[in-house]
């Protein structure tokens, strides 16, 4: 259960930051930002619009008699993701199951005419994304999608009112107009509902900017695990890690830990500091260290591969959760025909460097060793390149996995979007605080001795 103090990441539309050159000569639309894959066009960032997203999702799960599907889009320019769902197979096919599409913007924006605005910006609230925060907290309390969406709207308005009351922004903020759409009874979906099949999720943060987004990601992962999702895949920024500590790096090159320290020293966030979250405990008491689990970059080709996996693996009675965070753009380019055809296999660009991870001080005591023999570490894990012999060993431990694989955690998906942090016309001073995490990490572990066990 996620506590009421749970803080979600600040997310961006970045309309003035991201000027994407037309990749394929097609018009631009609202969409979400991804990391550029080296195999694709040489853009600073990549992107995906709503029309192309649903073309992929329709092939993936459309018409498969799934138990339910929750799609969360929590930022600027997200009205298209609610509107286009109405013409998608996922939303209209009678063989599809209940669907809830929850979008933070693009609803009725004109008080006189009640017109929708696909280009609507979102308020930039310090400390997180109040809309998504409200939605996820409501789901954690076993509420329906309808109630969760309403709670998200209320949480956003409350955050805007508080910000304006304390005069945090250069000018008063205005709440956006959520656009929520439900199909086949989708308003009654509950996140923790029992289903006959498997529960899949994709969590994606295309262009994370701060430690807040990492800690929010861990909270969301934890909530999905507690709700019975066993096949969860995460795409986080560039997928890169600090070579010395294994801690995730933001696209700007800072580790999430260093980012928190720097922001705190600059007067942002908690005066006591924030421990970077990374350990999740499953219902069967198995610990999942997300420093080791999350390593795939948030590129279009990785996202496409995840949806392709859904297409091949999903069966009637399964449940799906899709949530993306990060920057949003009003200039998402269209994809090629081959990119939008999931029957075709496309090459995937270079992935993050794979490592062994050694722990000198396991949580709860016990002998030092490599993951997964040691599941949780009370100090920072020491990364050891997977292609090399670990320090202190005459030969590499056997068996040698290509990458750390966590017991009981498979491959899956989840999606959502958040609030503008730079490019919008609404802006508040940064300042964030986070609740204490479950799990800890400290200084880099010493190099293991020759007697260390694997």
So what does log10 I(q)/I(0) come out to for region 150-251 at q = 0.16 Å⁻¹, using the Debye formula with one equal point on every Cα and no solvent? -1.02
According to the Kirkwood expression over distinct Cα-Cα pairs, how big is the hydrodynamic radius of region 48-147, in Å? 14.7
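Suppose R0 equals 30 Å; then what is the FRET efficiency for residue 113 and residue 166 from their Cβ-Cβ distance, rounded to the nearest 0.05?
About 0.35, to the nearest 0.05.
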Could you tell me which of rounded, prolate or oblate describes region 29-337, using a ≥ b ≥ c as the square roots of the eigenvalues of the alpha-carbon gyration tensor, with rounded for a/c under 1.5 and, failing that, prolate when a/b is larger than b/c and oblate otherwise? rounded
Segment residue 315-residue 141, extension gain: residue separation times 0.36 nm, minus the distance between their alpha carbons: 59.9 nm
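Read-outs: derived from the displayed coordinates by stated rules, not from any lab. Keep in mind that this is a model prediction, so the values were computed, not measured. Cβ sites come from the backbone with ideal geometry, for glycine too, and all protein chains shown count toward neighbours.
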